[in-house]
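Peer 1: The structure is given below, and queries will be raised subsequently.
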Amino acid sequence: MAPADTTTRVQLETAVARVPGEASAPRSPPMTAAGPVAWLRANLFSSWLSTAVTLLLIYLIARFTIGFVEWAFVNAIWEVPNNQTQACRELKGIGACWAVVTEKHRFILFGTYPYEEHWRPALVILLFVALYVVSAMRRFWRKELVTVWAGALTLIGILMWGGNTAPGLLPQPWEQLLALALLLGAGFAYVRGWIGMLWPTAALVYALLAWVGPVLDMPYVPQERWGGLPITLILATFGLAFAFPLSILVALGRRSSLPAIKTLCVLYVELIRGVPLISLLFMASVMFPLFLPEGMNIDKLLRAQIAIILFAGAYLAEVVRGGLQALPKGQYEAADALGLTYWQKTGLIVLPQALRLVIPPLVNTFIGFFKDTSLVLIIGIFDLLTAGKTAIVEPAWQGFGVEVYVFVGVIYFMFCFAMSRYSQNLEAELNRHRRR
Amino acid sequence: MSDATTDDPRHLRAPPRRPIRLSWSDERVRGLVWQVLVVGVVVAIVWWLVRNTAHNLEVRRIATGFGFLGREAGLPIGEHVIDYSPTDTYARALLVGVLNTLKVSVIGIVLATIIGTAIGIARLSRNWLLARLASVYVEVIRDLPLLLQLLFWYTILQGLPGPRQALNPVDGVYLSNRGLKLPWIEWQGAHTAALLALLAGVAGAWLYARWARARQMADGRPRRVWPAAVLLVVGLPLAVWAAMGAPWTVDRPVLRGFNFTGGLTVSPEFFALLVGLVTYTAAFIAEIVRAGILAVNQGQWEAAQALGLRHGQVLRLIVLPQALRVIVPPMTSQYLNLTKNSSLAVAIGYQDIVSIANTTLNQTGQAIEGIAIIMAVYLTISLSISAFMNWYNARIALVER
């Protein structure tokens, strides 16, 4: 009975210790072991070298911060009356001329889009942001998300192009009638439970195409006049939406046992990854017109978009392949043993697990890819960076590049920083089971 | 184990060959059909594109072929490593472009590796301020497009005062909107000889280190390498230089009229491109180095300290060799990225291969050839770098049983 005895004694001791009044007040550790002073000593002044580094850095940071605040805020000029930049020029190097941003921000954000219609690209930007936020939330990671994307991208197209005079956007009355019939039919079938969510949504999109433009009376804006942030977001988002499925197919092809398909995929990935994006963009802008039959002409934006899709597809394919390789072989074998076909095995067993494994590197690739859309500047497409660069071409505003690039940089930074933070959180969350 | 499996008679026999049935349920037939289908579609698309291209070229009266390479280029190139004048051929102009690309890539890779490693180690520093600063740097630089950064640096360099009011941080160094001017020695035969002696010294030091290591493996006694290494690397070139008369004439940049003469010139385009590439790639390299060091098990540090090794020795002998295995593969792709990103030079007017090929393409109308040249050059560079790094990676890879 000795063990039981010990237990009781221990319990008794604990009980004694808990008697109020008798227990001493909890003592705080000495100042040198905890608290801000100890923290400073441990993290900033642990050795003479560390102290020297700290002091030097404090000096440099203080000097830089003071200089920056003086330049950016104290001495800055925020507005000038009708393009009189004389005051700004006198302050060159001493104070920032934010007047260039105040004056040109609409141009930088929306390019040459008609001024009265700027609410449309602005709404498009908001739609894009909403789409990203919704896609980022794990509770929305379901099949319906594909429908949401299709719907949102269509709506974006309608907003950007505008309706009533857009060619191909169902101008005929019979098309509008057909849209109405389709919508009613699909809605009825959905209510009766005959079909899923997808078809009524498709019909709704079709109906929107037919009606929204004419009803809201949004004038048609050709692609040549689009510009600024919406172009950057369109290139990145549409690029992603098409490159991602492509990359999955290529990654599967690269691991396929069929030699011809494997060779094709390897060639595609290695060739694209071996050359810079610029050469692909040049190819899109210079060589594409030669590839197509006479009379057939693809818009410049679309050509750049195709180049970006091909480029991103190759890089994403390598990331996806990493996920496919990381999946234990037993998963493949178990699926085979169940008698699943190749596509059942891939769609139900392999991809859901493999993609989950590579979400963080995927997001990192997306960030790189978002930044890379700025390269379309070189072939003269009017994205955010090109708009910023063009804004300072006007003689009155020449020489204020730094201010404009800071403004454009802040916009890029907000998007990329949000994505990178998201990726870090997601990584921590998805790896929670691995942590001890 | 392997012997057992090969000796087992059941493994010696090949599985019986099933005859192919002409049916959709035979997986080999399906595979064949799919492959024929996919290859057929790809070939059809390529054939369609080639036919269109041939037709378009005929209609536009563009002659294909690389014959234009022998023609006079007539395009001025500001920076050239080899002799070049606008009367030279396109082939030579393109060669100058390739050399310019290689120049900025090689210098960029060396600087980015040094700075990136320093920042990566700084991010792991016990000094909180230093670590925070390094992580802010990495985060900010990685979240901005490289092209934006290049344009930013170029704008800043263009905004500098002219040569007459040039910034003069250190005596003999001038920074103006014409670029960076540095003092440089007048190059003579003795300098070339000293440079060759330096290379020989490095090779000798390396051989000596190998010999010392081999001896240590044999008798267990460590030998000092550094005195001999210093003698070979520093002493030998100095001795050669002194023996040849020790010529030393400094060529200092001097303001004459509206611009500087003499000295070494770093053009604003090259400088902006180099600064942009190095700061950008250094941020990525810093993350790779940090991840590599963190990947080394804490127990390795503790075991090394328990053996009585000093901090530097722990890093050099225990941690870094293991970290390198994690670092090298992603580092390779960063080097490749830097080389490919150097093509952004075209946006700020540094005449690399893309820029010169683009001008060639505009002047001659040889679009397909121009782009093929760009792609061929980059593919060659990419494949060479990855081949070299694969070799290096195989050399330092963990030797397992």
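Peer 1: Taking the Cα atoms of the protein assembly as shown, report the difference between the largest and smallest coordinate on each principal axis, in whole Å and largest first.
Peer 2: 105, 91, 79
Peer 1: Among the lysines, select those whose C-alpha is under 28 Å from the C-alpha of A:LYS329, and discard any that sit fewer than 8 residues away in the same chain.
Peer 2: Cross-link targets: A:LYS143, A:LYS262, A:LYS345.
Peer 1: Moving on to the next point. Rounding to the nearest 20 debye, state how big the charge dipole of segment A:323-436 is about its Cα centre with +1 on each Lys and Arg Cβ and -1 on each Asp and Glu Cβ.
Peer 2: On the way: 10 positive and 8 negative charges, 127 e Å.
Dipole of segment A:323-436, to the nearest 20 debye: 620 debye.
Peer 1: Rank the residues A:LYS92, A:LYS389, A:LYS329 as a footprinting-exposure proxy: fewest other Cβ atoms within 10 Å of their Cβ go first. Present the calculation step by step, with values, prior to reporting the outcome.
Peer 2: Numbers: A:LYS92 11, A:LYS389 21, A:LYS329 7.
Listing A:LYS92, A:LYS389, A:LYS329 from fewest to most nearby Cβ atoms yields A:LYS329, A:LYS92, A:LYS389.
Peer 1: Placing +1 at every Lys and Arg Cβ and -1 at every Asp and Glu Cβ, with all other atoms neutral, what dipole size does chain A have around its Cα centre, in debye to the nearest 20?
Peer 2: Values: 33 positive and 25 negative charges, 294 e Å.
Taking the Cα centre of chain A as origin, the dipole is about 1420 debye.
Peer 1: Along the Cα→Cβ direction, 7 angstrom out, place labels at B:THR261 and B:ALA209. What is the inter-label distance in nm?
Peer 2: According to this spin-label approximation, the distance is 4.6 nm.
Peer 1: For segment A:33-74, what is the Kirkwood hydrodynamic radius in Å, using each pair of distinct C-alpha atoms?
Peer 2: Details: mean 1/r = 0.0855 Å⁻¹.
Averaging 1/r across every pair of different Cα atoms and inverting gives 11.7 Å.
Peer 1: Lys/Arg Cβ at +1, Asp/Glu Cβ at -1, dipole of chain A taken about the Cα centre: which of A:PHE140, A:PRO29, A:ALA396 is farthest positive-ward?
Peer 2: Result: A:PRO29, furthest along the dipole toward the positive end.
Peer 1: Still on this model: Using Cα pairs closer than 8 Å and at least 6 residues apart in sequence, work out the relative contact order for chain A, in percent. Let's see the in-between values first.
Peer 2: Values: 397 pairs, mean separation 70.4, N = 436.
Once divided by the residue count of chain A, the mean separation gives 16 percent.
Peer 1: Can you compute the FRET efficiency between B:GLU186 and B:ARG164 using 1/(1 + (r/R0)^6), with r the Cβ-Cβ distance and R0 = 25 Å? Round to the nearest 0.05.
Peer 2: Working: r = 26 Å, r/R0 = 1.03.
FRET efficiency, B:GLU186 to B:ARG164: 0.45.
Peer 1: Pick from A:PHE415, A:PHE45, A:PHE107: which is most flexible by mean-square fluctuation in a GNM of chain A where alpha carbon atoms under 10 Å apart are linked?
Peer 2: Greatest mean-square fluctuation among the candidates belongs to A:PHE45.
Peer 1: Rg and Dmax of segment A:365-431, Cα atoms, in Å?
Peer 2: Just the Cα atoms of segment A:365-431 yield Rg and Dmax of 15.4, 54 Å.
Peer 1: Kirkwood Rh over alpha-carbon pairs of chain B, then Stokes-Einstein at 20 °C and 1.002 mPa s: what D in µm² s⁻¹, rounded to an integer? If you can, show how the numbers build up before the last one.
Peer 2: Numbers: Rh = 26.9 Å.
Translational D for this selection: 80 µm²/s.
Peer 1: At R0 = 60 Å, how high is the FRET efficiency between A:LYS143 and B:ALA242 if r is their beta carbon distance? Nearest 0.05 is fine. Display every interim value, and only then the final one.
Peer 2: Working: r = 79 Å, r/R0 = 1.31.
Efficiency, rounded to the nearest 0.05: 0.15.
Peer 1: What list do you get for B:LEU37, A:LEU426 if you sort them by fewest beta carbons within 10 Å?
Peer 2: Numbers: B:LEU37 12, A:LEU426 16.
Result, fewest neighbours first: B:LEU37, A:LEU426.
Peer 1: Hey, another quick one. Please enumerate, by chain and number, the lysines with C-alpha under 29 Å from the C-alpha of A:LYS300, excluding those fewer than 8 residues away in the same chain.
Peer 2: Result set, ordered by chain and number: A:LYS104, A:LYS371, A:LYS389, B:LYS340.
Peer 1: Please identify the longest segment of chain A free of exposed GluC sites (Glu not before Pro), where exposed means a DSSP state other than H, G, I, E or B and no more than 16 other Cβ atoms within 10 Å.
Peer 2: On the way: sites that count: A:GLU22, A:GLU79, A:GLU294.
With a cap of 16 other Cβ atoms within 10 Å, the longest stretch comes to A:80-293.
Peer 1: If you don't mind, another one. For chain A, which semi-axes, largest first and in whole Å, follow from the square roots of 5 times the eigenvalues of its Cα gyration tensor?
Peer 2: Numbers: eigenvalues 457, 313, 126 Å².
Three semi-axes, in Å: 48, 40, 25.
Peer 1: What's the local net charge at B:ALA131, with K and R +1, D and E -1, over the other residues with C-beta under 11 Å away? Spell out each step's value before the answer.
Peer 2: On the way: positive: B:ARG123, B:ARG126, B:ARG132, B:ARG290; negative: none.
Its environment carries a net charge of +4.
Peer 1: Work out the FRET efficiency for B:VAL50 and A:SER28 from their Cβ-Cβ distance, taking R0 = 60 Å, and round it to the nearest 0.05. Don't skip to the answer; put the middle values down first.
Peer 2: Working: r = 81 Å, r/R0 = 1.35.
Efficiency, from the Cβ-Cβ distance: 0.15.
Peer 1: Could you give the longest part of chain B that holds none of the GluC sites (Glu not before Pro) found in DSSP loops with at most 16 neighbouring Cβ atoms within 10 Å?
Peer 2: Result, exposed sites excluded: B:187-399.
Peer 1: If you rank B:MET389, A:MET414 by fewest surrounding Cβ atoms within 10 Å, what's the result? Provide the component values of the computation, followed by the final result.
Peer 2: On the way: B:MET389 17, A:MET414 12.
Least to most surrounded, the residues fall as A:MET414, B:MET389.
Bear in mind that the values in this text are calculations on the coordinates, not laboratory data. Small disclaimer: the values here were computed from a predicted structure and weren't measured. Please note: Cβ atoms are built from the backbone with ideal geometry, for glycine as well, and neighbour counts cover all protein chains shown.
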